[in-house]
Amino acid sequence: MTQDTSSRGLFGAAPSFSFEFFPPKTPEGAEALLQTIVTLQDFRPSFVSVTYGAGGGSRELTRAVVHDIQQRGIPTVPHLTCVGHTEKELEEILEGFVKAGARAILALRGDPPRHGAYDPSRDAFHHAAELVRFIRNWESRRSLPYHLTVGVAGFTEGHPDTPNRLREMDYLKAKIDEGADYICTQLFFDNHAFFDYRDRCRLLGIRVPIIAGIMPVTSASGMNRMAELSAGTNFPARLLKAMLRAGGDKKSLERVGINYASQQCSELLDAEVDGIHFYTLNRSKATLEIYRNLGINNYFDVDRLKSLNSLYKN
Ligand SMILES: Cc1cc2nc3c(=O)[nH]c(=O)nc-3n(C[C@H](O)[C@H](O)[C@H](O)COP(=O)(O)OP(=O)(O)OC[C@H]3O[C@@H](n4cnc5c(N)ncnc54)[C@H](O)[C@@H]3O)c2cc1C
């Protein structure tokens, strides 16, 4: 069974709750991901997304995972990066994703590989805005019987490649003007940065949903890896102090990270965030705990939340 993943299907129930997975490379990894999906499926995510290795390394793996999750009736959004791809390759990948059941794509530039042979002259596109335009053109040539939902990345604290923060917002706007339907942010720990980013988007006339990317710190080594991968993300003193208080105790560190992320989510929900996207690292425990801390028991009842929302708004 597949669900409607048109823009409405993805975001009809605000706020959306979604999970991000990466394609596993080993049979053990595949088994672990399956377990995670089975556990988190009970929370009826609005969608899940599956990362794509820039340059095409995980191309087939991403498609296969999208197919498997989509078969379980969960709307699935494959990521697609344009770095290292020709137009023909991008068309083939899009075709594969759509055949696997995807009705939405997260369109990204990706980062050029730091090591190994990489020939940028092969690249059809240099920025995600061009990929969004390409996807929209492909969609209309392909005459798909539904609207393909296209998401793009946002960086609440700025992308390191563009130190000019005004120009960066223009580049973000270009992605929306080319036809993107929503923005999903890089992980962040500072809600003020998110709220300010949301305000700056609205000032520029960007009206699409902005989904907040959340990833709990669960270990000191994990935090160092996050700092590396999400270059530019600020680690507030409040988080660092709490981690220091936990000392080297693994369980306490995990609890601190989960509590911090729970408070972040609670504040975001109070501020009517459009959606929360959990970077799960293919594990369910931290996300599950956050749901529990938010008071969301067992099945997350979207319809109930919607009626509560309307109760307070009327
Ligand atoms: C939610 C999310 C999911 C991600 N998933 C993946 C994934 O699955 N696989 C992966 O490899 N990476 C992924 N990434 C990382 C992402 O690919 C990198 O951060 C990349 O550097 C930026 O991608 P982008 O789509 O924002 O690029 P762009 O929007 O193209 O921006 C990249 C940089 O170029 C600048 N820029 C944009 N347009 C112009 C222009 N016209 N002229 C000059 N400069 C310009 C921007 O300001 C920015 O600094 C993800 C990031 C996020 C936030």
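Of note:
- Here is the figure for segment 175-221: residues that are among the small types (G, A, S) and touching a His at 6+ places or on another chain (Cβ under 9 Å) total 2.
- Residue in segment 186-216 that is surrounded by the most Cβ atoms within 10 Å (Cβ to Cβ), counting only those that are without any contact (Cβ under 8 Å) to a residue 60 or more places away in the chain and not in a helix (DSSP H, G or I): F188
- Matching residues in segment 21-78 - criterion: being of a type in the set (K, R) and out of contact with any Gly (no Cβ under 9 Å at 6 or more places or on another chain): K25, R44, R72
- Residues that are over 16 Å from the mean Cα position of the chain (by Cα) and not in a helix (DSSP H, G or I) within segment 250-283 comprise A271, E272, listed in sequence order.
- For segment 53-102, the set of residues classified as polar (S, T, N, Q), within 13 Å of the ligand (Cβ to nearest atom) and more than 19 Å from the chain's Cα centre (by Cα) is empty.
- Candidates P113, P160, P145, filtered to the one that is free of Cβ contacts under 8 Å to residues at least 12 places away in the same chain and of a type outside the set (V, I, T): P145
- Checking each residue in segment 163-185 for being within 12 Å of the ligand (Cβ to nearest atom), within 15 Å of I211 (Cα to Cα) and not in a strand (DSSP E or B) picks out L172, I176, A180.
- Filtering segment 1-31 to residues that are more than 25 Å from D270 (Cβ to Cβ), at pLDDT 90 or above and surrounded by 15 or more Cβ atoms within 10 Å (Cβ to Cβ) leaves F21, F22, P23, P24, A30.
- Any hit, segment 235-249, residues being outside any helix (DSSP H, G or I), within 22 Å of the chain's Cα centre (by Cα) and within 16 Å of the ligand (Cβ to nearest atom): no
- Any hit, segment 132-140, residues being part of a helix (DSSP H, G or I), closer than 28 Å to N234 by Cβ and touching a residue at least 40 places away in the same chain (Cβ under 8 Å): yes
- Taken over segment 104-141, the residue count meeting the criterion of being modelled with pLDDT under 95 and away from the ligand (no atom under 16 Å from the Cβ) is 4.
- Residue match in segment 145-162 (condition: more than 8 Å from the ligand (Cβ to nearest atom) and part of a helix (DSSP H, G or I)): no
The values are calculated or read from the model by the stated rules, or taken from the named source; none is laboratory data. Everything numeric in this text was worked out from a predicted model, so none of it was measured. All Cβ positions, even for glycine, are placed from backbone atoms using ideal geometry, and neighbour counts span all protein chains on display.
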